[in-house]
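Every number in this text was worked out from the coordinates using simple rules, so none of it is lab data. Computed from a predicted model, the values in this text were never measured in an experiment. Neighbour counts are summed over all protein chains in view; Cβ atoms, including those assigned to glycine, are modelled from backbone coordinates with ideal geometry.
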Amino acid sequence: RRVGYALVGLGHLTLNEILPAFGQCKHAKPVALVSGDPEKMRKVAQQYGIKPSSCYSYQTYDQLKDNPEVEVIYIVLPNSMHHEFTIRGAKAGKHILCEKPMANSAKECEEMIAACKKAGKKLMIAYRIQYEPLNRMVQKAVRDKTYGRTKMIQMMNTQNQAHDQQWRHKKALAGGGSLPDVGLYCLNTTRFLLGEEPTEVSAQIYTTPGDDRFKEIEENVSFTLRFPSGVISQCMTGYGSFNNKSYTVYAETGSIEMDPAFPYHGLRQERTHAPGGKQMKEVPNDPQKDQFALEMDHMAECVRQNKTPYTPGEEGLQDQRIMEAIYQSARENKPVKLPAVSKLDAFR
Ligand code: NAD
């Protein structure tokens, strides 16, 4: 029996990516919707065969507790709402899959983890890159030392943000600008590839004066992460320049480039190395799996097999702590040390 999902928020991501992705799921299916727009919800419910009695408003959301078809709630709302809807969802007795960034502060993340623990429910953060096959291949090569030890990583995630992205330009709703939205991919993916936690960050921020989009939030962030193994990862994110969603891992005897690395489709990997002294490039095939289907199936399997998700709430909390240190470093114009954390791999 497939695990039933309730989708909360019917915005771009839910309508264009998540709901269509259920068509490729093996273990998950949509069974309920939660929205502030009843007319839109009625149409979407009809399209996906969801019963009218399984459609809820943000006010009646808590009644999900009486709907046994729903086992997982997938929260796809503006960032500031993740905290409230995770806690209410856990109290309704459901497992939670929450979009990134997990919340707007480390304190909120801690409260979300505590609420799910108290309710005995699982909490997973939707870090889709960690379920995507080409990025997982890079992780394996790094961990297996296919090209020797990794020395440096360079990552970028930039986009020229449209002017009509209202909530993303409001600090209270988004929590910040490019950093928690797209810069988070550089941070989370670096940690995912290396399997170790940074000990120090240094960062700089620049925001174009007079640009309407950036009255409340930052535009560009450059940050450097230092790791116990000696790896340095240099990351850049921005909301005002053309798309670049790529990274390169530099190891002793080869490098692996993902360009692009972070979009929903069309990812490409290229490996450069020199077996026998002759430099060559290899481009592995993209297995073309839907990332949203993979992550929703993963959560469904964790529910069925009673396992901890690969990206639990603790992952989101760690990123939030590091982002807070990145802001602090930029503000104070000096490196910030990060407290040692127990290996997060222990959650997996
Ligand atoms: P969106 O603006 O398209 O949708 C947000 C939804 O929330 C809308 O249906 C809107 O009506 C609803 N909403 C409820 N209260 C609101 C309020 N006070 N202000 C504004 N909207 C409100 O946004 P989206 O792109 O679907 O993003 C939703 C979440 O998903 C965010 O947390 C975002 O970071 C995340 N996201 C993740 C990915 C990914 O690849 N994993 C991609 C895009 C977005």
For 35, 222, what's the fewest-to-most ordering of other Cβ within 10 Å of each Cβ?
222, 35
With +1 on each Lys and Arg Cβ and -1 on each Asp and Glu Cβ, how big is the dipole of the range 3-126 about its Cα centre, in debye rounded to the nearest 20?
300
Using C-alpha positions alone, give me the convex hull volume of the chain per residue in cubic angstrom.
139
Contact order relative to length of the range 3-126, as percent, for alpha carbon pairs under 8 angstrom and 6 or more apart:
23
Phi to ³J(HN,Hα) by Karplus 6.51 cos²θ - 1.76 cosθ + 1.60 over the range 20-35, Hz, x for Gly, Pro
x, 5, 4, x, 9, 7, 9, 10, 10, 8, x, 10, 8, 10, 9, 8
Counting other C-beta atoms within 10 Å, and keeping those with at most 15, which DSSP coil trypsin sites (Lys or Arg not before Pro) do you find in the range 180-272?
215, 268
If you filter the range 1-85 for trypsin sites (Lys or Arg not before Pro), then keep DSSP loop positions with at most 16 other Cβ within 10 Å, what is left?
1, 2, 26
Partnerless Cys - the chain, beta-carbon criterion under 4.7 Å:
25, 55, 98, 109, 116, 302
Against the longest alpha carbon principal axis of the chain, how many degrees, from 0 to 90 and to the nearest 10, is the axis of helix 82-91 turned?
50
Compute the distance in nm between two label points, each set 7 Å from the Cα along the Cα-to-Cβ direction, one at residue 162 and one at residue 259.
2.7
Charge dipole magnitude, Cβ of K and R +1, D and E -1 - the chain, Cα centre, debye nearest 20
840
Say R0 is 35 Å: what FRET efficiency, to the nearest 0.05, do residue 24 and residue 270 get from their beta-carbon distance?
0.85
Once the dipole of the range 117-238 is set up with Lys and Arg at +1 and Asp and Glu at -1 on Cβ about the Cα centre, which of 172, 135, 235 lies farthest towards its positive end?
135
Expressed as an acute angle from 0 to 90° and rounded to the nearest 10, what is the orientation of the C-alpha long axis of helix 133-144 relative to the principal long axis of the chain?
50
Angle in degrees between helix 184-194 and the longest Cα principal axis of the chain, rounded to the nearest 10:
60
Which one, 4, 34, 76, is farthest towards the positive end of the dipole of the range 3-126 when Lys and Arg carry +1 and Asp and Glu -1 on their Cβ?
4
Amide H of residue 177: which non-local residues (sequence gap of 5 or more, or other chain) have their own amide H closer than 5 Å, using H built in the peptide plane?
218
Counting GluC sites (Glu not before Pro) as exposed when in a DSSP loop with at most 16 other beta carbons within 10 Å, what is the longest stretch of the chain free of them?
70-195
How big is the Cα convex hull of the range 3-126 in projection, averaged over all directions, in nm²?
6.8
Pairs of alpha-carbon atoms within less than 8 angstrom and 6+ residues apart define the contacts here; what relative contact order does the chain have, in percent?
19
Could you calculate the FRET efficiency of residue 107 with residue 199 from 1/(1 + (r/R0)^6), where r is the beta carbon distance between them and R0 is 22 Å, rounded to 0.05?
0.45
Note to self: C-alpha centroids of the range 271-293 and the range 106-155 sit apart, in Å, by 21
Let me know the Rg and Dmax you get for the range 243-348 when you use only its Cα atoms, in Å.
18.6, 50
